[in-house]
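One structure, as structure tokens, below. Some questions next.
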Ligand code: CA
């Protein structure tokens, strides 16, 4: 079963919060709620969400400050700001401070749901894709697409190993680097060779190079 998209809703008006929670649950979201900016910040920093729906006027930390703090912490989750302040300058301020979208209250429910669907599609296109020799690795789905072939699904460990190499294509990794970074629960460096072998079987020998006496690197020998 596909996982439900998770959304964090921060809104201090209890009736509106209940309404949003019911509406979004009914539209297929896993909804997490908070009623002030501090609680919202804590949740935003400690849990993973697909979307944020933030009221602008919030107790303790107001909505745009909350969003700015999340952005400063490297959290890029697409955010829609709801606000009673709806003139163009307010919208511009919201967008300038890190929101992807801005909707003035009172809002139309269908419009809110439609705008959230747009934000979700935006997430889908920012899924990281890394270059691998002859094609690409889609990190989240662990699929490799080599030119002229069907996408191939990797196992979790194959995916982790290839991602590690592909994120640093110039770097030569020792077996012990890869053992500690990818196979932290194993202690035999032979597991690294085993998974390199699996990847070469699936993707061809050119995908990973053996650097003799040292370890491995992405790509065919130069
Ligand atoms: Ca409010």
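Determine the distance separating the Cα centre of region 81-115 from the Cα centre of region 192-222; give it in Å without decimals.
50
Another one. Determine one quarter of the surface area of the Cα convex hull of region 1-114, which equals its mean projected area, and express it in nm² to one decimal.
With the hull built on Cα positions only, its mean projection is 6.8 nm².
Count the DSSP beta bridges whose two residues both fall in the chain, then state the antiparallel fraction as a percent rounded to the nearest 5. Kindly include the intermediate steps, with their values, before the conclusion.
Working: 16 of 33 bridges.
Roughly 50 percent of the beta bridges in the chain run antiparallel, per DSSP.
Based on the Cβ-Cβ distance from residue 68 to residue 188, what FRET efficiency comes out when R0 is 41 Å, to the nearest 0.05? The partial results should precede the final answer.
Details: r = 47 Å, r/R0 = 1.15.
About 0.30, to the nearest 0.05.
Here is a further query. Relative contact order of the chain, please, whole-number percent, based on alpha carbon pairs below 8 angstrom and at least 6 residues apart. Numbers along the way, then the final one.
Working: 347 pairs, mean separation 26.1, N = 222.
Reported as a whole number, the value is 12 percent.
Which peptide among 201-210, 180-189 comes first, and what is the full order, when sorted by highest mean count of other Cβ atoms within 10 Å? Display every interim value, and only then the final one.
Values: 201-210: 16.9, 180-189: 12.9.
Ranked by mean Cβ neighbours within 10 Å, highest first: 201-210, 180-189.
Can you give me the angle between helix 190-203 and the longest principal axis of the chain, using Cα atoms only, in degrees from 0 to 90, rounded to the nearest 10?
Helix 190-203 sits roughly 80 degrees off the main axis of the chain.
Could you give the length gained by full extension between residue 180 and residue 168, i.e. 0.36 nm per residue of separation minus their alpha carbon distance, to one decimal place? Don't skip to the end; give the middle numbers.
Values: separation 12, 0.36 × 12 = 4.32 nm, distance 1.59 nm.
Stretched out fully, the residue 180 to residue 168 stretch lengthens by 2.7 nm.
Roughly what would the spin-label model give for residue 130 and residue 25, points 7 Å off Cα along C-beta, in nm?
Modelled inter-label distance: 3.9 nm.
Hey, another quick one. Return the calculated 222 nm mean residue ellipticity for the chain, to the nearest 500 deg cm²/dmol, obtained by summing -39500 (n - 2.57) across DSSP H runs with n ≥ 4 and dividing by the residue count.
Numbers: 8 runs with 93 residues, N = 222.
So the calculated ellipticity at 222 nm is -13000 deg cm²/dmol.
While we're here: Quick check: residue separation of residue 38 and residue 120 times 0.36 nm, minus the Cα distance between them. What number comes out in nm?
Working: separation 82, 0.36 × 82 = 29.52 nm, distance 2.48 nm.
Between residue 38 and residue 120, full extension yields 27.0 nm more.
Working from Cα positions, state the angle (0 to 90°, nearest 10) between the long axis of helix 63-72 and the longest principal axis of the chain.
Helix 63-72 sits at roughly 10 degrees to that axis.
Right, something else. Using only Cα atoms, tell me the angle between helix 109-125 and the longest principal axis of the chain; keep it within 0 to 90° and round to the nearest 10.
20
Between residue 89 and residue 214, what length in nm is gained on full extension when 0.36 nm per residue of separation is reduced by their alpha carbon distance?
On the way: separation 125, 0.36 × 125 = 45.00 nm, distance 5.84 nm.
Contour length minus the Cα-Cα distance gives 39.2 nm.
Label-point separation (nm) for residue 16 and residue 45, each offset 7 Å from Cα along Cα-to-Cβ?
For the pair residue 16/residue 45, the computed spacing is 2.5 nm.
Expressed as a rounded percentage, what relative contact order does region 6-126 have, with Cα pairs under 8 Å and six or more residues apart?
Relative contact order, region 6-126: 22 percent.
Each value in this text was obtained by applying a stated rule to the coordinates, not by laboratory testing. Only a predicted model underlies this, so the values are computations on that prediction, with no experimental measurement involved. No Cβ is skipped: glycine too gets one built from the backbone with ideal geometry, and neighbour counts run over all protein chains shown.
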